[in-house]
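Some notes on the structure that comes next.
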Amino acid sequence: MDVSVLLESLSNIGRFVLYIGLPEATCTPEVRLTDTCLDCCVKVGKDSETVIRDLHIELGCEVDWSSCVQQIVDQRYLEVNMRMRQKYCLPSTSLKNEPFDPVQTLFCRCCDAVLTTGQAFRKILPLPSEHWLELSDLWYCHKEDEFQQFSLGEIFPKALVCLVGETYLLINSADLRSNSIDFSPEATYQLVQKLKESNSIKGWHQVMCCRCLCPLGMAALRCEVRTMPDKKDFLCVKLYKYRISTVQCNQTVSSGPFRNETVETKCAKEISALVEARACHRLFVQGYLNNQVHVLLMILNQNSLVKTKQDEEGNPKALAPMLKVIFFDCIRSVKEEAEKTIQLWQSKFAVETITFSDEECYEVLNKLNHINTFLPPSRRYFNGFKIGFLAKTIL
């Protein structure tokens, strides 16, 4: 029996909206209300074949049930609109970088391959926000030449120093085990093309695990390279948290510092950081290979709080912070329609571009399309675009 639940906190107007997807049009939901939770009894079938499903949904704050409005939407969705007695507050620690003790080894989460040399990091330091360099000219009110002694550029770690960003770890190439990572096929293709065009290459390029060929992150080259680079040309490596672990998979991964990091949270955090830094709300999400636009995003709310549940899946302990967006799927839509929409956005709006690996782009699209199905059909679109959510953290 397929019963879906989507609860959204609209903190700016002090309301909850709950959608319960019912198995069939004939079921009759019964809602029982208390101060901070909602119980819903769903009956399916008739007489002796009746199956009862009880749903218990914790709201996290007191609700004024006298203002509660219930209605059946699109024949098989129960919509419940409720007013909060008090504002729902997200726990202040849930979005912070989770600290971890000095470790000797980092592993590939996919295959348990050892990535580092085995020496414990001497220092583990936090990085500033992702786009700090773009905003650095706002840091001081004196003349710029009075701050020449400060180096304003990309931050690279020294050996045995680990720098922790919101979605990745930055480590020196000297701390990598030999033959642990290499350029991905996509990066190799890009490097060959750039060498043909300009006879030199530099910057960041995608790398993968040498054992399982799983993408791990990005590597920065030491300087301009005029031949096909090797691992000796790495300056440092950016390892995505959702791809690595501090313990092997045959141990308790759930206790590791990156246990809640996923492709979805990584992409949501990077989108949120770009939106905040550049004060934009429209984005092209493009793939690393050939810079093909996979999805058009417009941010509706950076701080939505959402809880979802389907069938027997575990219910999250609390509402999770999510990006609420409307999106256009350029991959699954007709090519001519996608090109027309892209050109329209380019000509009429200020649009930023963010680049993910092709795998990450497909994962973002799958997550957006999946959670869209939790909404009633008449609530799934806004101005012709689908509505979706991306989790910024998994609670």
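The values are calculated or read from the model by the stated rules, or taken from the named source; none is laboratory data. This structure is a prediction, so every number in the text was calculated from the model and none was measured. Neighbour counts run over all protein chains shown; Cβ positions are idealised from the backbone, glycine included.
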**Prompt:** When the stretch 315-362 is examined, which residues are found to be of a type outside the set (S, T, N, Q), surrounded by 13 or more Cβ atoms within 10 Å (Cβ to Cβ) and assigned to a helix (DSSP H, G or I)?
**Reply:** Ala338, Glu339, Ile342, Trp345, Asp358, Glu359, Glu360, Cys361, Tyr362
**Message:** Condition first: in a strand (DSSP E or B) and either aliphatic (A, V, I, L, M) or not assigned by TED's automatic domain parsing to the domain that holds Cys361 (or both). Now tell me which residues in the stretch 276-303 satisfy that.
**Reply:** Leu283, Val285, Val293, Val295, Leu296, Leu297, Met298, Ile299, Leu300
**Asked** Only one residue in Ile52, Ile13 is among the aliphatic types (A, V, I, L, M) and modelled with pLDDT of 80 or more, so which one is that?
**Response** Ile13
